[in-house]
Structures are given as structure tokens and as C-alpha cells.
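Have a look at the structure below before the remarks.
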Amino acid sequence: MAKALRDRLDADARAWLDEALAEATAHAAPGATGHAAATDAPAATDAFAHSAAGEARGAGTPAAWEMRFASAGRWCVREEPSRHPDPEATEAARVLILCTARADGPTVTRLYEHGTAAERRAVLLALPRLPLGTDGRPGLPLIEDALRTNDTRLVAAAVGPYAARHLDAHAWRHAVLKCLFTGVSVDAVAGLAERSRGDGELARMLGDYARERTSAGRPVPDDLPRVLALTQMSPLSADTSPDSSASPSVSPSADRSGNPSIGSSGSPSPGPSSEEA
């Protein structure tokens, strides 16, 4: 990830990134016990070290790497064409900085709460790679907050691997419906096939939503029949054919002109959002 990112940045941006990662590494070093991208590792030692570091630099003073995280949008510009802003590189740099610093729960919460939309999205994308513990508590409030917004880029980031691992069944079903409601491709939903198979409650919710749309003379999202078909599959077999007779009748419209552009990764392509990087 770091090499690919460096290759697309100009010389000044590469130097800035090297300094940012050095600061993040220094922050992580006192309590680091594994690779920066370790998933759900115990964070007690890290949290103590981070708290001590915060006391040493003075209350309310952000760490140097946190300021780098916030300023990434000003520095991450393309090598070619020269000096052009690069939102994708900015996002990748922020995620890399968070993972290198091994940001803990209080830190990611603070960065999310005080960040722009672009900074919040980077926090959401980094969650599954941070040592936040096995119960999901540190990151779940951030996922839930993003799912309450109508910012499609935040919604798409919120339904990634962290949500698949930690959201309970009720919240996860509503997250899927949120994607359909806001026009976010369900390709963004991590673990969609596994979690939706045999889910009768999700099938009921999808059917109700389809009927509401049809009754109101509005098109049914194209992704809805796809998810509905998954719910008809046996949870024990990925090869079970959907029982079409059990599916509510839906007639999705081909008109998706109002939906955001979705990239091949399942995340919305960079575009206008409520706040700039």
C-alpha cells in the first residue's frame, strides 16, 4: 500500500508522507506488539502508552501524526499531472497513518468527531485494521453515526468489514436497507452473501420496502432483487437456487441516474461531499 501510494505522489508529497509515517511509528513504538495492520488485537497496553504520551505533550495538544492526518488533503498531490489534488491518495495516506500509529478507540473517536467528511471516511475504512479489541465497542458508535447520515461516501465506508464483523443482526439489516435507500451499491456491503442467506427477517423487510416503493409509484432499487434472492438461499449451501415463488413481486426500474458513481471496489468514486478533504 505504501509503495503504490508513494509512486503516485510528487516529491514534496512523498517527503511529507515519510515524515508522517515516521511520526506515527514513533507514536506506536512504546506499546507496539505486532504489525500496524493487525486486526482486533488486544489494545490495553497501547491505550496506556497513548494516554501517557498525551499527558507528556500536554492536554488538548494533538500528536504530530494526528495533525498530519488532518493536513493530508493539502499535501497529497499527483506526480502526473503535476500538483493536481488526489483525493484517493489523500484517503489512502490517512488510512496508512492511522494503521501505522495503531490508533486506539479514544483516538479514532476524537478524529472522527472533529474531522471533515473525508477524514471521517478514512477513519471508517481503517477500523478493521486497528487494534480496537474483539468486542467492536470502540468503533461501533462511529459506524452507527455514519449510517444515520445521508452522505453516500460515509454509508459505503460504514458497511465494510468492521460492520460485517460487529453489527448485530438488527442493525446490519437496517444498514443494508440504508444502502438501498441512499443508492449505495450493495457491493460495498462486506459479507453480504454470508449474512443475508436464509435471513427471513431481511426478506420480509425487503419485501415491505419494495411494496412501499411500488405503491408510491417509485422505482424499486435494482440491487433489491439481488439481495432478496440471497435471502432465499440456504445458509448451509451457497449453491442453493433461490425459490422465486417465495420472493415478493418486484419490478426494479432501470433508471439509476440519481445514484452515485460506484467504483469497482464497492466504494463510491470520489466526488462532491458535504465537506472537502
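Accessible area per residue was computed with a 1.4 Å probe on protein heavy atoms; residue 170 scores about 120 Å². Relative to the current alpha-carbon distance between residue 29 and residue 190, full extension at 0.36 nm per residue lengthens the span by 54.8 nm. Can you send over the carbon and sulfur percentage of the accessible area for the range 88-247, probe radius 1.4 Å, protein chains only? Summing carbon and sulfur atoms, their accessible area is 51 percent of the total for the range 88-247. Per residue, the accessible area of the range 87-158 comes to 31 Å² when a 1.4 Å probe rolls over the protein heavy atoms. From the Cα gyration tensor of the range 86-177, with a ≥ b ≥ c the square roots of its eigenvalues, which class applies: rounded if a/c is under 1.5, or else prolate if a/b is larger than b/c, or else oblate? Judged from the Cα gyration tensor, the range 86-177 comes out oblate (a/c at least 1.5, b/c at or above a/b).
Residues whose amide H falls under 5 Å from that of residue 9, counting only those 5 or more places apart or on a different chain, are 79, with hydrogens built in the peptide plane.
Across the range 191-207, computed HN-Hα scalar couplings (Karplus, 6.51 cos²θ - 1.76 cosθ + 1.60, θ = phi - 60°) run x, 4, 4, 5, 7, 8, 4, x, 8, x, 5, 5, 4, 4, 4, 5, x Hz from first to last residue, x flagging Gly and Pro. Amide H contacts of residue 86: 78, each under 5 Å away and 5 or more positions distant or on a separate chain (H built 1.01 Å from N in the peptide plane; Pro and chain starts excluded). Working note: Karplus 6.51/-1.76/1.60 with θ = phi - 60° gives the range 80-89 the couplings 9, x, 4, 6, 7, x, 10, x, 5, 5 Hz, where Gly and Pro are set to x.
Ordering 205, 1 by accessible area with a probe of 1.4 Å, largest first, what comes out? Kindly include the intermediate steps, with their values, before the conclusion.
Numbers: 205 25, 1 100 Å².
Order by accessible area, largest first: 1, 205.
Phi-derived couplings, Karplus 6.51 cos²θ - 1.76 cosθ + 1.60 at θ = phi - 60°, listed residue by residue for the range 136-149: x, 4, x, x, 4, x, 6, 4, 5, 5, 4, 6, 7, 8 Hz, with x used for Gly and Pro. Compute the Cα gyration tensor for the range 188-228, then decide on rounded, prolate or oblate, letting a ≥ b ≥ c be the square roots of its eigenvalues: rounded whenever a/c is under 1.5, prolate when a/b is larger than b/c in the other cases, and oblate in all that remain. Taking the square roots of the gyration eigenvalues as a ≥ b ≥ c, the range 188-228 is oblate. Remark: the Cα gyration tensor places the range 127-194 in the prolate category, a/c being 1.5 or greater and a/b exceeding b/c.
Distance between the modelled labels on residue 165 and residue 18, one decimal in nanometres: 3.3 nm (7 Å Cα→Cβ projection). Available extension along the chain between residue 6 and residue 82 is 25.9 nm, counting 0.36 nm per residue and deducting the alpha carbon span.
The values are calculated or read from the model by the stated rules, or taken from the named source; none is laboratory data. This structure is a prediction, so every number in the text was calculated from the model and none was measured. Reconstructed Cβ throughout: ideal geometry from the backbone, glycine too, with neighbour counts over all protein chains shown. Heads up: the accessible areas ignore ligands, DNA and RNA and are worked out on the full protein's heavy atoms, side chains in. Shrake-Rupley method; radii C 1.70, N 1.55, O 1.52, S 1.80 Å.
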